[in-house]
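Chemist: Structure provided below as structure tokens; questions to follow.
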Amino acid sequence: MNTVLSRANSLFAFSLSVMAALTFGCFITTAFKDRSIPVDIHVSKVMIKNVDDFTGPRERSDLGFVTFDISANLQPIFDWNVKELFLYLTAEYSTKSNALNQVVLWDKIVLRGDNTKLNLKDVKSKYYFFDDGNGLRANKNITLTLSWNVVPNAGILPLVMGSGHKSMAFPETYETSKSY
Amino acid sequence: MLSAFKSIPTHMDYKGQKLAEQIFQGIILVSAVIGFIYGLFIQQFGWTVYIMLAGFTVSCFLTLPPWPMYRKNALKWQPAVPEASGENRDKPQEKKKKHK
């Protein structure tokens with residue numbers, strides 16, 4: 001500690017250790033928090049087509065089109081340890097060939113400081129709702145849920161499912177016109 | 001130019017070093033506690049970091065330059081023994097204080 005550099009080294013190292021302890025404290029205060037909130041999902045339009053599928057092993061697969069509304073208030077999730085939320089809408093169903101299918105239809109990144117009241121109407125799906133086969137037609141029970149991945153400043157990244165889901169059914173016949 | 005920097009005296013005596021260490025540790029710990037509580041209150045971790053950095057800057061200013069308060073207890077060296085051929089030279093006794 002006789003020279004400036006030696007004192008500066010000591011000071012800086014001490015500050016970093018204290019910063020690490022503060023970050024751990026930040027993590028501990030929010031580690032056991034329940035990050036689930038109620039979510040409201042409505043489905044306004046449902047259509048299904050049977051199209052050429054170049055990604056799978058068969059010639060034609062079912063392609064679903066869903067238009068939905070989502071509303072949720074994300075404010076309670078944001079605390080001092082949350083940097084952003086990665087929201088995604090999942091459709092979950094079972095078919096004759098697969099017991100469980102989960103398809104992500106839409107996602108959104110909500111940063112800290114963005115508007116936290118989610119009130120989206122008539123949203124089309126962002127990603128193709130392809131089925132592995134032809135199991136969507138006349139499928140009565142497709143469950144749509146909104147989940148999110150909490151990206152923290154310090155700590156683990158939990159995947160939380162919102163409370164509130166919507167069950168929908170696909171129609172019996174395929175749509176042949178070119179509309180959507 | 002480097003020789004100009006090296007010629008600036010930056011030493012402190014041992015008690016001064018101990019005082020400097022206590023000062024900066026105290027300031028940084030206090031600013032860490034204040035920052036943590038304030039950040040927890042307004043739910044923004046950025047403010048915790050800012051307050052810590054402010055504490056760091058204040059303690060840099062207070063402890064890095066060799067202020068006179070750190071030079072109050074100068075070491076007492078033994079007077080030099082005149083050299084003669086065949087005579088053992090005494091090593092000057094330093095007051096070594098154990099500091100943290």
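Chemist: Say the cut-off is 28 Å between C-alpha atoms; which of A:Lys33/A:Lys166; A:Lys45/A:Lys83; A:Lys49/A:Lys96; A:Lys33/A:Lys96; A:Lys117/A:Lys140; A:Lys96/A:Lys121 go over it?
Modeler: Listed pairs above 28 Å: A:Lys45/A:Lys83; A:Lys33/A:Lys96; A:Lys117/A:Lys140; A:Lys96/A:Lys121.
Chemist: What does the extension gain come out to for A:Asp52 and A:His165, with contour length at 0.36 nm per residue minus their alpha carbon separation?
Modeler: 37.6 nm
Chemist: Enumerate the calculated ³J(HN,Hα) couplings along segment A:115-131 in order (Karplus 6.51 cos²θ - 1.76 cosθ + 1.60, θ = phi - 60°), each rounded to whole Hz, writing x wherever the residue is Gly or Pro.
Modeler: 3J(HN,Hα) across segment A:115-131, in whole Hz: 5, 9, 8, 8, 9, 9, 10, 6, 8, 8, 5, 7, 10, 5, 9, 7, 9.
Chemist: Can you work out the Karplus-derived ³J(HN,Hα) for every residue in segment A:137-148? Use 6.51 cos²θ - 1.76 cosθ + 1.60 with θ = phi - 60°, whole Hz, and x for glycine or proline.
Modeler: Once θ is set to phi - 60°, the couplings for segment A:137-148 become 5, 6, 7, 7, 10, 10, 9, 9, 10, 9, 10, 8 Hz.
Chemist: Return the long-range amide H neighbours of A:Arg60 (sequence gap of 5 or more, or a different chain), with a cut-off of under 5 Å between placed amide H atoms.
Modeler: Answer set, sorted by chain and number: A:Asp53.
Chemist: OK, next. Tilt of helix A:4-30 relative to the longest C-alpha principal axis of chain A, in degrees (0 to 90, nearest 10)?
Modeler: 40
Chemist: Still on this structure, please answer the following. Step by step: find N for segment A:33-168, compute 2.2 N^0.38 Å, then divide the Cα radius of gyration by it. What's the final number?
Modeler: For segment A:33-168, the normalised Cα radius of gyration comes out at 1.15.
Chemist: Could I ask something else about it? Tell me which residues come under 5 Å, amide H to amide H, from A:His165 once H is placed; ignore anything under 5 positions away on its chain.
Modeler: For A:His165, whose amide H was placed from the backbone, there are no distant partners under 5 Å.
Chemist: Another question, then. Taking just the alpha carbons, could you work out the radius of gyration and Dmax for segment B:6-78, both in angstroms?
Modeler: 16.3, 60
Chemist: What are the semi-axes of the equivalent ellipsoid for segment A:102-179, taken as the square roots of 5 times the Cα gyration tensor eigenvalues, largest first, in whole Å?
Modeler: Each semi-axis is √(5λ); the values are 31, 15, 12 Å.
Chemist: Here's something else I'd like to know. Once label points are set 7 Å from the Cα along Cα→Cβ at both A:Glu175 and B:Trp67, what is their separation, rounded to one decimal in nm?
Modeler: 7.5
Chemist: Further, regarding this structure: Per residue and in cubic angstrom, what volume does the convex hull of the Cα atoms of the protein assembly as shown have?
Modeler: Once divided by residue count, the hull of the protein assembly as shown is 268 Å³.
Chemist: Short version: what are the Cα gyration tensor semi-axes of segment A:7-52, square root of 5 times each eigenvalue, largest first, in whole Å?
Modeler: Output for segment A:7-52: semi-axes of 52, 18, 8 Å.
Chemist: What relative contact order, as a whole-number percentage, does chain A give when Cα pairs under 8 Å and 6 or more residues apart are counted?
Modeler: In percent, rounded to a whole number, it is 27.
Chemist: Further, regarding this structure: Each residue of segment A:155-169 in turn: what ³J(HN,Hα) in whole Hz from Karplus with 6.51, -1.76, 1.60 and θ = phi - 60°, glycine and Pro shown as x?
Modeler: Result, ordered by residue: x, 7, 9, x, 9, 10, 9, x, 8, x, 9, 10, 9, 9, 10 Hz.
Chemist: Scan chain A and report its longest stretch carrying no trypsin sites (Lys or Arg not before Pro) that are both in a DSSP loop and have at most 11 other Cβ atoms within 10 Å.
Modeler: Values: sites that count: A:Arg58, A:Lys96, A:Lys140, A:Lys178.
Excluding the exposed sites themselves, the longest stretch runs over A:1-57.
Chemist: Something else: What distance in nm separates the simple spin-label points at B:Gln44 and A:Ser6, each placed 7 Å from Cα in the Cβ direction?
Modeler: Label-label distance for B:Gln44 and A:Ser6, simple model: 4.1 nm.
Throughout, read-outs are computed from the coordinates displayed, never taken from laboratory work. This structure is a prediction, so every number in the text was calculated from the model and none was measured. Glycine gets a Cβ as well: all are built from the backbone with ideal geometry, and neighbour counts include every protein chain shown.
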